[in-house]
Amino acid sequence: SAIYLADYREPTHWIDETHLDVVIFPDQTRVTARLKITPNAARAVSELVLDGEGLQTQAIYWNDARLTQDDFDECDGKLRLKQINESGWLTTEVIICPESNTALEGLYRSRTMYCTQCEAEGFRKITWYLDRPDVMSVFTTRLEADQSLCPVLLSNGNLVASGSLPNGRHFATWHDPHKKPSYLFALVAGQLSCVKDQFVTASNRSVAIEVYVEPKDLDKCSHAIDSLKRAMRWDEQNYGREYDLDIYMIVAVDDFNMGAMENKGLNIFNTSCVLASAATTTDIGFQRVEAVVAHEYFHNWSGNRVTCRDWFQLSLKEGFTVYRDAEFSADMNSSTVKRIEDVNLLRTAQFAEDAGPLAHPVRPASFIEISNFYTLTVYEKGAELVRMLATLLGPEYFRKGTDLYFERHDGEAVTCDDFVASMEAVSSRDLSQFKRWYSQAGTPELIVSSQYSEAYKTFRLTIEQRCPPTPEAAEKAPFHIPIRVSLLGAAGALPLKLANQAVGDLPEDNTEMILELTKSEQTFEFAGVHERPVPSLLRGFSAPVNLRYAYSETELITLLMQDTDLFNRWSASQELGVLAVSNAIKAGTCELSGDWVNALQANLQRDDLDPAVMAYMLQIPSVNYLHDRFPETDILTLHQTRQDLVRRLALSLADALREKVLAYDMRQPYEVSAAAVAVRSLSNTALLLLAEAKDPLALRESITRFKHANNMTDQLAGLRAIARCQSDNVVKEHLAAFYSQWKDEALVVNQWLSLQATRDEADTLVAVQSLTSHPCFSWNNPNKVRALAGAFANQNPGQFHRDDGAGYEWLANVVLKLNQANPQLAARLVTPLTQWRKHGQRGQLMFSQLQRIQGATLSKDVFEVVNKALT
Ligand code: ARG
Ligand code: ZN
């Protein structure tokens, strides 16, 4: 049964205060909730309906009078109380069992600790409540547990009391002065060690920072703490946002469905997003920790102080916060590299989501299970919407807009409309058409053509927009699309003047301009263009669209070599890769263009080019992206064509690549600065390319890098290269060596599993299946399942799409295995199968696996995904 945005009503009652008493005993946790209830005058409904799931209700009291069976009705996850038409105290007592909670939602046990995950609707698994984000309450939480089993007891806010109790037990009471919705509640109880630090805010208040981890991980906290402090400062400087409690806690948990959770004052993190050390964590891992720590911190304002009215508005906090963390990472590292990574993710995974059966608007209009809507569309496309607003308004008005938004709505639960309204108010722009981005799904396609007039010195860009149909609507009204452009002449970017623009209106630097496309088709004419230019379009990926312009190879090479926008130089490199694939498909053989190779060669020799960007220029677009561009071509054909191209490119560039491998000094002390990361990235990319071509240097250097690396980035690069170029025995030997070196480091073991799951070998599926009985593997740990099954299905096109369908069948088995145990995880794993329509004949094999799943008794989560995929 779906719920609809259009049906939104204010809650019937408010909960002004929430007093929880959580008493933890093995297999039996008792939760007493004392709630100060006030009827909402705007609704005037006396029946109070609370949410609860899997609760063993022991007793219910209204103003201390125990209610009898006649006073309430408990069924289907609802507790109904008839006559609550004045303020009073509702007390409920329930028993729950965190030890048997494998869904990792609500209160559960992970190794030696108890912890919670309440977003979106997990709080109802802890106690009876109005479990919706527009009900905000002041929480006081008393925790009680065995002193030796759970020496650490944490919840949101400030510690107000603690002490020991008889029978080796103890308690702690926490009070959070900020009103919050139930999804931001958290508690942690367990055997944890703590690293302490502090931060002094702009207004000179000192904030205690405490990071809680298992004792073995104490040496892996410093990067998260440094990142947190940088994020705190950055938010003060860039958004004027200061932290608002005396303590900020982060807890690392090994079993976690997502990356992390922004619970007020008590973030809970997947270990993979908080722990980092040079020996065990790759550069990408370090950057991920920095980004996720910042993301959760930024939620304190964009999410917690100002929260969502209902879950349809999820992107209000997620899109905005992803935008904020992306800008933060761009400032801390290389902004071009960050943009390349984000655009890659968007164009491969989000565009595919937006073109498939699960496509939904950034603000969905309905859902069955909200957990299924923590998607790339809500997060990444949602962030692009905020980025477009920032582009349309410019930095000053955008900042005024966010200031107004925080000021107007502090302490409120609001909507995406409220966010846009603040932007409108400060800029006096009409953003009503822009708001279609929130309600219409699908990736618009921009079809651009140009016309140069030698005689009139004019250059015209004609831009048409189209958006394919998606499940919620076949017809789309035109979007408001900011298109950042430049025109490149022989000596660089040309000054721009639109034909109807007065010279006095031109900015000082007018070599770049933002065109605003609002109609289905529009022509922009530039005047005074004295040479035929190469247009540099959609610079920095100024809108989440598919750009189609019939560039010649020569023009793309001009962009690759000369564009003044570094992002667009990379973008041209990708388009050249697409062109090469296209030619290879047409010709049936992969002849590389000499001009392209020479251009890459020349770039490799330039020392003014960021090596990390260079590394990305050497990547042929992923198979998934190529499949988007060549929907008629079979995925395995694309995969093989791509592999062939990669090998040929490596052979053609071998000398320059060898130089990059040899120039690298492995003995340098490890550092995570953008510059150091960039050098490693290029050198390791070069090594891997040479390994693809079985180059003799790669045969030697892969082993050296594996053995003598002083950090995980290089060691893993060595192992990956080994896996691509060495004989089977040598590969197995090194995989075994790697495991015995790292078997006690869960996060490194995940890398080891993924590497095996992504090998393009005929026996990979068998190997993956047998790894599920390896002692390191556990079906109850989402990181392990994702490392193996997720990596196999999403990052191994050659084996997942085996002709016999065994890859699909195994994935379906995994989904069925986890369907009831961990519905959120199962629903995510099934995604690759939902793309069956794109796979022609092969798609039938995927389809029948989906049908097989549909035949089982499904959790809401899996049910929704599978049903949408089959209709
Ligand atoms: N709000 C969290 C974040 O973006 C993610 C929560 C995930 N919750 C879930 N039910 N899947 O940082
Ligand atoms: Zn978030």
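General observations
- Within the range 50-66, the set of residues being surrounded by 14 or more Cβ atoms within 10 Å (Cβ to Cβ), of a type in the set (A, V, I, L, M, F, W, C) and over 19 Å from PRO39 (Cα atoms) comprises just one member, LEU55.
- Some residue of the range 194-215 being within 24 Å of the chain's Cα centre (by Cα) and closer than 26 Å to ALA330 by Cα: yes
- Tallying residues that are within 16 Å of ligand 2 (Cβ to nearest atom), in contact with a Ser or Thr (Cβ under 6 Å, 6 or more places away or on another chain) and more than 23 Å from GLY122 (Cα to Cα) within the range 370-424 yields 1.
- Test: residue in the range 351-358 that is within 13 Å of the chain's Cα centre (by Cα) and either within 15 Å of ligand 1 (Cβ to nearest atom) or surrounded by 23 or more Cβ atoms within 10 Å (Cβ to Cβ) (or both): no
- Just one residue in the set ASP64, ASP131 is more than 16 Å from ligand 2 (Cβ to nearest atom), touching a Phe, Trp or Tyr at 6+ places or on another chain (Cβ under 8 Å), of a type in the set (D, E, K, R) and touching a residue at least 40 places away in the same chain (Cβ under 8 Å); that residue is ASP131.
- Where a residue in the range 738-749 is touching a residue at least 60 places away in the same chain (Cβ under 8 Å) and within 15 Å of ASN270 (Cα to Cα) and its partner, wherever it lies, is of a type in the set (Phe, Trp, Tyr) and in a helix (DSSP H, G or I), with Cβ under 7 Å and at least six apart: VAL748/TRP742
- Positions within the range 247-261 being more than 16 Å from ligand 2 (Cβ to nearest atom) and not in a loop (DSSP other than H, G, I, E, B), in sequence order: ILE247, TYR248, MET249, VAL251, ALA252, VAL253
- Of all residues in the range 1-36 being out of contact with any Asp or Glu (no Cβ under 9 Å at 6 or more places or on another chain), closer than 30 Å to SER366 by Cα and of a type outside the set (Val, Ile, Thr), the one that is surrounded by the fewest Cβ atoms within 10 Å (Cβ to Cβ): SER1
- Residue count for the range 725-770, restricted to those that are within 27 Å of ASP804 (Cβ to Cβ) and among the acidic types (Asp, Glu): 4
- Filter result (more than 17 Å from ASP563 (Cα to Cα) and assigned to a helix (DSSP H, G or I)) within the range 613-636: ALA615, VAL623, ASN624, TYR625, LEU626, HIS627, ASP628, ARG629, ILE635, LEU636
- From the list LEU266, LEU228, the one residue that fits, being more than 20 Å from the chain's Cα centre (by Cα), within 15 Å of ligand 1 (Cβ to nearest atom) and either at pLDDT 95 or above or not aliphatic (A, V, I, L, M) (or both), is LEU266.
- Note on the range 142-220: enclosed strands (runs of 3 or more DSSP E) holding 1 or more residues that are free of Cβ contacts under 8 Å to residues at least 60 places away in the same chain are 152-155, 158-165, 169-180, 193-200, 206-213.
- Note on the range 639-690: residues that are closer than 16 Å to GLN601 by Cα and either at pLDDT below 95 or among the hydroxyl-bearing types (Ser, Thr, Tyr) (or both) amount to 3.
- Test: residue in the range 331-350 that is within 16 Å of ligand 1 (Cβ to nearest atom) and touching a Ser or Thr at 6+ places or on another chain (Cβ under 8 Å): yes
- Here ALA260 qualifies as within 14 Å of ligand 1 (Cβ to nearest atom) and closer than 28 Å to ARG111 by Cβ.
- ALA502 vs. criteria among the small types (Gly, Ala, Ser) and modelled with pLDDT of 95 or more: no
- Boolean, LEU404 is among the aliphatic types (A, V, I, L, M), in contact with a Gly (Cβ under 8 Å, 6 or more places away or on another chain), more than 16 Å from ligand 1 (Cβ to nearest atom) and in a helix (DSSP H, G or I): no
- VAL135 within 22 Å of GLU93 (Cβ to Cβ) and at pLDDT 95 or above: yes
- Here ALA276 fulfils each of the conditions (1) assigned to a helix (DSSP H, G or I); (2) touching a residue at least 40 places away in the same chain (Cβ under 8 Å); (3) away from ligand 1 (no atom under 11 Å from the Cβ); (4) not basic (Lys, Arg) apart from (1).
- Checking each residue in the range 262-281 for being more than 18 Å from GLU214 (Cα to Cα) and within 14 Å of ligand 2 (Cβ to nearest atom) picks out GLU262, ASN263, LYS264.
- Flag for ALA474 being touching a residue at least 24 places away in the same chain (Cβ under 8 Å) and out of contact with any strand residue (DSSP E or B) (no Cβ under 9 Å at 6 or more places or on another chain): no
The values are calculated or read from the model by the stated rules, or taken from the named source; none is laboratory data. For clarity, every value in this text was computed on a predicted model and none was experimentally measured. We place every Cβ from the backbone using ideal geometry, glycine too, and count neighbours over all the protein chains shown.
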